[in-house]
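The values are calculated or read from the model by the stated rules, or taken from the named source; none is laboratory data. Since this is a predicted model, take the numbers as computed values, not measurements. Every residue, glycine among them, receives a Cβ derived from its backbone with ideal geometry; neighbour counts consider all protein chains shown.
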Amino acid sequence: MYTDARGLTLTTSSEAAAGHFSDAIDDYLDYRLSASAKLKMALDEDPDFVMALYFRTCFLQMLETGAVLPKVNQALEGMKQRLGAVTARERGHVLALEAWAQGDIIGACRIWEDILVEHPLDILALKLHHYLTFWTGRSYAMRGCVARVLPAWDADTPGYASIQGMYAFGLEECGEYDAAERWGREAVERNGEDLWAIHSVAHVLEMQGRSAEGVTWLDYADERWAGCNPFIGHIWWHAGLFNLAQGNYDKVLSLYDDQMCAVNSKFFVDMQNQVSLLKRLELRGVDVGDRWEVLADHGETRIDDHILAFNDVHFCLALAAAGRSDHAQRHIASMAAFGEGAHNGGGWTAITMAATTVPLCQALIAYEKGDYGNACDILWPLKDDIAPIGGSHAQRDMFAQILCDAALRDGRFAMARSLFSERISLRPSSGMNWQCYADALDGLGEGDVAAAARAQAETASEPAA
Ligand SMILES: [Fe+2]
């Protein structure tokens, strides 16, 4: 028995293995690719080290595709044979992974929460809970889990900056922007390598419409993040959003081509980022050329791969945006069949299919086919209930933007006025919101108010185009 950097017992016969395992956690918290190599070193020292086997298998599961499940389940069988020799905390981790692999995301998170009741310094349990809760869109669960362990930590506890960065993100998703920014900036000051904390501050800037600050916040040279895992692509996505809001479309396209697509990755987060940025460019009238094609090619390979609803929605949008509506419809049929499994004990992704994921995808297909009325009919009643597909408020805003655009295109100007009223109330710095609000007012014959809205668009800190 040895302990990790925070004093938690590790069942291993090797002190060196325990050290490598702790290093792997540090690397994971900073999104460094080297985490996997550290785990290999730990397992070279002690092949029976359950927590190292577990963490390695978590990385596999984090690819979020059914293709890895045979390997994950095989690894779980090996771990379960060793559970008699490990602590209750370590056993809990393995059972959480088993629930995760079965699609029971909530069940996995509950086990990590139970672990944290007894072991609030278990940063791996906290980070995995944070990661997986994110994909359920349950903001208060994210914030609450970090808040419950916070008093057990102080600035001298190794990894404290990561706790601050996670808390900042939970606060941000709950709309507590001032506190989120304060915690996030302090985390980055403590550890400038913490991409999640950098990302938490970026979210605050995004939600508050502070895109000029955001461009500066994420203005990094490529080589700054050499050695980072693919999460860096999501940081570039945020940089893309800030530049989009500033009207720097050439910069957005270069970020897309040179950073986000540089590794030609099929990793699910890359797909989400790329689909989301292309659609937002199109919503601003930018010609994205044939960029949908490669995304749709990948989407075709994932038609029956239902692991995260957020993935399904983006794969489906890629198919529809590339004009492959037959494939998109096949995807919907496959999702619907998967959702019916919810009645037989299916997990969160299955449960959310019928009420949220499938209708959302139907709306996206309708929108891409130019059937804007149908898109409005589906999205209007769904608009405030999309969170269960997971992701952040900033990511899910794409669906709100699509509804706004559909309402304008279908001539539903009263609906559009209502939707853009919401947007100018929440983000008055956006010139595009004011411009579209004015378009809706013009459609309703309210020329004077429209002219006033256009004047606001002219002076907004985020230009209209
Ligand atoms: Fe983000």
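Remarks
- Scan of the range 189-224 for residues that are away from the ligand (no atom under 15 Å from the Cβ) and free of Cβ contacts under 8 Å to residues at least 60 places away in the same chain, ordered by number: Glu189, Arg190, Gly192, Glu213, Val215, Thr216, Asp219, Tyr220, Ala221, Asp222, Glu223, Arg224
- Verdict on Tyr160 being within 20 Å of the chain's Cα centre (by Cα) and either at pLDDT below 95 or surrounded by fewer than 21 Cβ atoms within 10 Å (Cβ to Cβ) (or both): no
- Filtered by the rule that a residue be within 13 Å of the ligand (Cβ to nearest atom) and touching a residue at least 60 places away in the same chain (Cβ under 8 Å), the range 239-268 gives a lone residue, Leu241.
- Annotation note: Cβ proximity below 7 Å between a residue of the range 298-324 that is touching a residue at least 40 places away in the same chain (Cβ under 8 Å) and over 14 Å from Leu278 (Cα atoms) and a residue that is acidic (Asp, Glu) and outside any loop (DSSP other than H, G, I, E, B) (sequence gap 6+ or interchain) occurs for His306/Asp312.
- Residue within the range 241-254 that is modelled with pLDDT under 95 and among the hydroxyl-bearing types (Ser, Thr, Tyr) present: no
- Within the range 367-387, the residues that satisfy the criterion of being surrounded by fewer than 19 Cβ atoms within 10 Å (Cβ to Cβ) and either outside the structural domain of Asn273 (by TED's automatic domain parsing) or away from the ligand (no atom under 16 Å from the Cβ) (or both) are Lys369, Gly370, Asp371, Gly373, Asn374, Asp377, Trp380, Pro381, Leu382, Lys383, Asp384, Asp385.
Yes or no, residue by residue, for (1) closer than 19 Å to Ser162 by Cβ; (2) without any contact (Cβ under 8 Å) to a residue 24 or more places away in the chain:
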| residue | (1), (2) |
| --- | --- |
| Gly7 | yes, no |
| Ser22 | yes, yes |
| Asp30 | yes, no |
| Ser34 | yes, no |
| Phe49 | no, no |
| Ala52 | no, no |
| Phe55 | yes, no |
| Glu90 | no, no |
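- Unique residue being farther than 22 Å from Asp27 by Cβ and surrounded by fewer than 22 Cβ atoms within 10 Å (Cβ to Cβ) when the list is Tyr131, Tyr140: Tyr140
- Sole exception among (1) among the hydrophobic types (A, V, I, L, M, F, W, C); (2) at pLDDT below 95; (3) touching a Lys or Arg at 6+ places or on another chain (Cβ under 6 Å) for Met1, by number: (3)
- Contact map, the range 442-458: first residue β-branched (Val, Ile, Thr), second residue not in a loop (DSSP other than H, G, I, E, B), Cβ cut-off under 7 Å, separation 6 or more or different chains; pairs are Val449/Leu441.
- Listed by position, the helices (runs of 4 or more DSSP H) inside the range 168-287 whose residues that are within 16 Å of the chain's Cα centre (by Cα) number at least 3 are 195-207, 232-245, 268-283.
- Qualifying residue in the range 2-15 (condition: part of a helix (DSSP H, G or I), more than 17 Å from Asp122 (Cβ to Cβ) and not acidic (Asp, Glu)): no
- Residue that is surrounded by the most Cβ atoms within 10 Å (Cβ to Cβ) [pool: residues in the range 394-421 that are touching a helix residue (DSSP H, G or I) at 6+ places or on another chain (Cβ under 8 Å) and under 13 Å from Ser276 (Cβ atoms)]: Ile402
- Matching entry among Ile402, Ile365 (being over 26 Å from Ala212 (Cβ atoms) and in contact (Cβ under 8 Å) with a residue 40 or more places away in the chain): Ile365
- Test: residue in the range 26-47 that is in contact with a Pro (Cβ under 9 Å, 6 or more places away or on another chain) and small (Gly, Ala, Ser): no
- Number of residues in the range 368-392 that are of a type in the set (Asp, Glu) and in a loop (DSSP other than H, G, I, E, B): the value is 3.
- In the range 101-116, residue surrounded by the fewest Cβ atoms within 10 Å (Cβ to Cβ) [restricted to those that are within 17 Å of Thr352 (Cα to Cα) and touching a Gly at 6+ places or on another chain (Cβ under 6 Å)]: Asp104
- Residue check for Thr57: among the polar types (S, T, N, Q) and closer than 23 Å to Ser13 by Cβ: yes
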